[in-house]
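Asker: Quick one: the structure is below, and I'll ask about it shortly.
Please treat every number below as a calculation from the coordinates, not as lab data. What you see is a predicted model; the values in this text were computed from it and never measured. When we count neighbours, we look across all protein chains shown, and the Cβ atoms used for this are built from the backbone with ideal geometry, even at glycine.
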């Protein structure tokens, strides 16, 4: 049985008409049982918005990420960045932030303590 | 010629290749000469042990396996194969026993390559003692040309062959000694050893213990077979294949000794171990990722992640192994490897090379005088901890 995990996507008003901003809210635990299915949701989102997609990943309720989900995060970052977009992460729990730091992802993906700070960073980087 | 003089000349002749080989193997490195002498003497003792066993069989012929083979195998090919396998078993076991004995007393082997190097020295001691007997015998009966040929051949090829067989066994013994770290590393790499898994299930023993037994057996079988093939080809006067075998073995050993992973110090003094600042579960997630990237040949990424993980967990041998293996896999001409090679040197400081010496030195500096037998207590403590870990650590495949 798959471990409970959800991904919800929320639109954010953008300051620039060329820019799409969305908050992707993760909750639960991303592990082997559910990570592929959940990752597809993010891939679909990226495919539907091929240019200038800016994603704020809200990790406030994400309790656990396995190695595969970190691999997906790297891949999403690559795809979005190639097309002029950006991914930032907000409200990460200390254990997950620890993993992201050791893996080196925080050097690529900026992390913010709050959603507002993440939104501010996205809107001012355009 | 006087018998005593013959023995003296034989010893002197046998010393020449020893000096040359020791210089080739250890000439440019800092080494504990006392320890090398002990292992070398162990190699000599190994020959005496083999002679003693053979002497014992003269008086108890019922248990003499050579006699049994002679009486029961009439086909000359099978006869020689049987005899040479038996010789291989005896000689390889006694040589390795000497290294193992010294290791249990002194924490001699701290890296996989230590196990190879000390096995080479034991083999050199063995070849030295054997050569004395051969040289003396040849000088008694043969003309000068034959003496020269015997001297050159045994000095170069026989000594080298003994070192190759023992060195390969030493490599597998080293892997077996550091079973816990190496099986954990293999687990994260996603490697499955079906033979080990089978041994573990059949004998109802932990996976790590099965891996250890498997590696020792694998090393012994390879060493015995190579030894038997070498002796058989010599018996059949197949000199070119003998030379090819020795050259191939030498290149293989050189490859093993050049690997970064082989030079990693894997003996851990638990009393000196630094605390990890990353959670166990988080560390496992990262290791799983490192294993995935290693499998995908993302070696530079693996090195980067390992470096960051080692900042948080400095004494994690599994991470060190991943880093060293990734560096081994990188193209030698890769500039990143060249830069890292200068930082991640093979050479270790004298203190670092011997954890027990390091421990003593540190305590002495702190003003605590440790009696000599504390070394042994500390060693037992380290081994006990490893044994406990060995018993509890099991990989689900």
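Asker: Which peptide among B:42-52, B:228-238, B:114-124 comes first, and what is the full order, when sorted by highest mean count of other Cβ atoms within 10 Å? Mind dumping the intermediate values first?
Answerer: Numbers: B:42-52: 19.3, B:228-238: 16.6, B:114-124: 28.1.
In decreasing order of mean packing, B:42-52, B:228-238, B:114-124 become B:114-124, B:42-52, B:228-238.
Asker: Going by the alpha-carbon gyration tensor, a ≥ b ≥ c the square roots of its eigenvalues, is the range B:248-315 rounded (a/c under 1.5) or, if a/c is not under 1.5, prolate (a/b greater than b/c) versus oblate? Show your work: numbers first, answer last.
Answerer: Working: a/c = 3.06, a/b = 1.41, b/c = 2.17.
Oblate.
Asker: Follow-up. Roughly speaking, what is the stretch gain from residue B:240 to residue B:258, that is 0.36 nm per residue apart minus the C-alpha to C-alpha distance, in nm to one decimal?
Answerer: Extra length from residue B:240 to residue B:258 when fully extended: 3.8 nm.
Asker: Based on DSSP, what percent of beta bridges with both residues in the protein assembly as shown are antiparallel, to the nearest 5?
Answerer: 30
Asker: Another question, if that's okay. Would you compute, from DSSP H runs of 4+ residues alone, the mean residue ellipticity of the protein assembly as shown at 222 nm, taking -39500 (n - 2.57) per run and dividing by the full residue count, rounded to the nearest 500?
Answerer: Values: 22 runs with 357 residues, N = 523.
Calculated at 222 nm, the ellipticity per residue is -22500 deg cm²/dmol.
Asker: Let me ask you something else. Just tell me how shielded A:67-77 is by partners: mean number of partner chain Cβ atoms within 10 Å of each residue's Cβ, no decimals.
Answerer: Numbers: counts 11, 4, 2, 5, 5, 0, 0, 3, 0, 0, 0.
Per residue, the average neighbour count from other chains is 3.
Asker: Here is a follow-up. First check a/c for the range B:152-216, with a ≥ b ≥ c the square roots of the eigenvalues of its C-alpha gyration tensor; if it is under 1.5, answer rounded, and if not, answer prolate when a/b is larger than b/c or oblate otherwise.
Answerer: Since a/c reaches 1.5 and a/b is larger than b/c, the shape of the range B:152-216 is classed as prolate.
Asker: Please report how far the C-alpha centroid of the range B:254-304 lies from that of the range B:160-222, rounded to the nearest whole angstrom.
Answerer: 19
Asker: Given R₀ = 51 Å, FRET efficiency for residue A:124-residue B:191 by Cβ-Cβ distance, to 0.05?
Answerer: On the way: r = 48 Å, r/R0 = 0.94.
So, using R0 = 51 Å, E works out to roughly 0.60.
Asker: Note the full-extension length gain between residue B:41 and residue B:58 as 0.36 nm times their separation in residues minus their Cα-Cα distance, in nm to one decimal. Numbers along the way, then the final one.
Answerer: On the way: separation 17, 0.36 × 17 = 6.12 nm, distance 2.60 nm.
Gain in length upon complete extension: 3.5 nm.
Asker: If you don't mind, there's one more thing I want to ask. Taking every residue in A:94-102, how many Cβ atoms of other protein chains lie within 10 Å of its Cβ, on average?
Answerer: 6
Asker: What is the Cα centroid distance between the range A:47-126 and the range B:83-108, reported in whole angstrom?
Answerer: Spelled out, the Cα-based centre of one part sits 57 Å from the other.
Asker: Could I have the simple spin-label model distance between residue B:74 and residue B:275, label points 7 Å from Cα toward Cβ, reported in nm to one decimal?
Answerer: Those two pseudo-labels are separated by 7.7 nm.
Asker: Also, quick follow-up: Given the protein assembly as shown, report the % of alpha carbon pairs whose separation exceeds 32 Å.
Answerer: Details: 76907 of 136503 pairs.
The calculated P(r) of the protein assembly as shown puts 56 percent of pairs beyond 32 Å.
Asker: Take the alpha carbon gyration tensor of the range B:76-117, find the square roots of its eigenvalues, order them as a ≥ b ≥ c, and report rounded if a/c is under 1.5; if not, report prolate when a/b exceeds b/c, else oblate.
Answerer: Prolate is the answer for the range B:76-117, as a/c is 1.5 or above and a/b outweighs b/c.
Asker: Determine the shielding of peptide B:302-309 by partner chains: average, over its residues, the number of Cβ atoms on other chains within 10 angstrom of each Cβ.
Answerer: Whole-number average of other-chain Cβ neighbours for B:302-309 is 2.
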